[in-house]
Amino acid sequence: MRKAVVKTGLPAPHGALPDQQATAAHPGRPRFQVLGLLAITDGHETVVLQPSKPTSLLAALLLHPGAVVSGELLQRVVWGDRPPSGGRSALHTCVLRLRRLFSKYGVADHAIEAVPGGYRLQADAETLDLLHFRDLLGRASAGDDPESALRLARAALGLWKGPLLGNVHSDELHRDHVPRLAEERLLAVERVFDGELRLGRHREMIAEAREAVRGQPGHEGLSALLIEALYRSGRRAEALAEYRRIHAHLTSELGVEPGAALRGLQLAVLRGEPYGGRPALPSAGVPPSGAAGASSALERASPPAPGALVLRALVDAGLLEEDPSGRYRVHDLLRLFVQAAGTSLPATAPHLPATAPHDPAKKSPPPAH
């Protein structure tokens, strides 16, 4: 079987988590990688397997670590809808080829067990990156310290490299199993962004969140996190623009409206209210203000006012368009309507203040007749 070899450094990276340091401190023990190209590594070198029937067989076993994978499923993975005659014998031959491959890289011959009904491959978090990923993410979810939880979530996300099983040519796996793995990765991405928001790092995460949204334009959870980060950073117009984008995508591509959580977030942005999606923590390096301690970035946003609510409602209705500088542009549809009524509108209108001081001495102009 042809292979591609990628050398890896032995020393643990500076600032590595204890899990990463332990892995780097014990080179020589073979480990499997499925969060990217299917590969085997011993800490010195990483062997990227070339597409082949044994590679597909190995991928199917690694995606079900410790579980019995039926012979019928393995045949579909390796040969698709047209398994060879004498499929069990052909599958056994494929397993033998995989065991010979294992012997080249120090993997125990008994790593693959023949059991009634199929085959099983035992693995743990030290021998399979998928289990290591799940362990890190589970600890991030269960931890109480937000800084530690964020580090664990980023470490979990850092295990993903390259196109997912791009060297495994199996329609069965790419149709039924790879999408589930991709969803697990998106959960890790959401966990990272959620951690950044909890620590008050909304400005720092905007660029990364935008990139994630570009890759998943219809993912409501990622869009909600980006909207909240923009809103907390005082970029309300951009937050509303992102809501309009995800709304248009969902309605045009899928024929559905955004979910209740996303709609609630949009309403909070329109009203200038704090969004109660999570308890906000103060930004790093920003001292608490007020006798009651630090308030969230959302609580420091502009309070709702009648003028602001009217403008936000017009923007949401599509009658006005707000640019990032805070200026409003009359929508072409409204302009045509007004022109048809015999009047005109300016090309742009300046951003109106949320509240205007009331001067009792100043009289309102008489109504036009």
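The values are calculated or read from the model by the stated rules, or taken from the named source; none is laboratory data. None of these values were measured; they are calculated from a predicted model. Ideal geometry is used to build each Cβ from the backbone, glycine not excepted, and the neighbour counts take in all protein chains shown. Remember, those area values only see protein heavy atoms, side chains included, never the ligands or the DNA or RNA. Shrake-Rupley method; radii C 1.70, N 1.55, O 1.52, S 1.80 Å.
Brief remarks on what is shown
- Solvent exposure of segment 63-147, expressed per residue, is 54 Å² of accessible area, with all protein chains present and a 1.4 angstrom probe.
- Taking all protein chains together and a 1.4 Å probe, the residues 170, 70 rank 70, 170 from largest to smallest accessible area.
- Computed FRET value (nearest 0.05) for residue 148 with residue 90, which takes r as the C-beta separation and R₀ as 51 Å: 0.55
- Net charge dipole size for segment 53-172 [Lys, Arg +1 and Asp, Glu -1 on Cβ; Debye, nearest 20]: 560
- Projected-area mean, segment 79-174, by convex hull of Cα positions, square nanometres: 8.5
- Label point of residue 216 set 7 angstrom out along Cα-Cβ; within segment 145-185, amide nitrogens under 13 Å from it belong to 157, 179-185.
- Percent carbon-and-sulfur accessible area, segment 165-230, ignoring ligands, DNA and RNA, probe 1.4 Å: 47
- The listed residues 269, 48, 256, once ranked by accessible area (1.4 Å probe) with the largest placed first, stand as 256, 48, 269.
- Projected label points at residue 103 and residue 171, each 7 Å from Cα along the beta carbon direction, are separated by 3.5 nanometres.
- Summing Lys and Arg as +1 and Asp and Glu as -1 over all other residues whose Cβ lies under 14 Å from the Cβ of residue 116 gives a net charge of 0.
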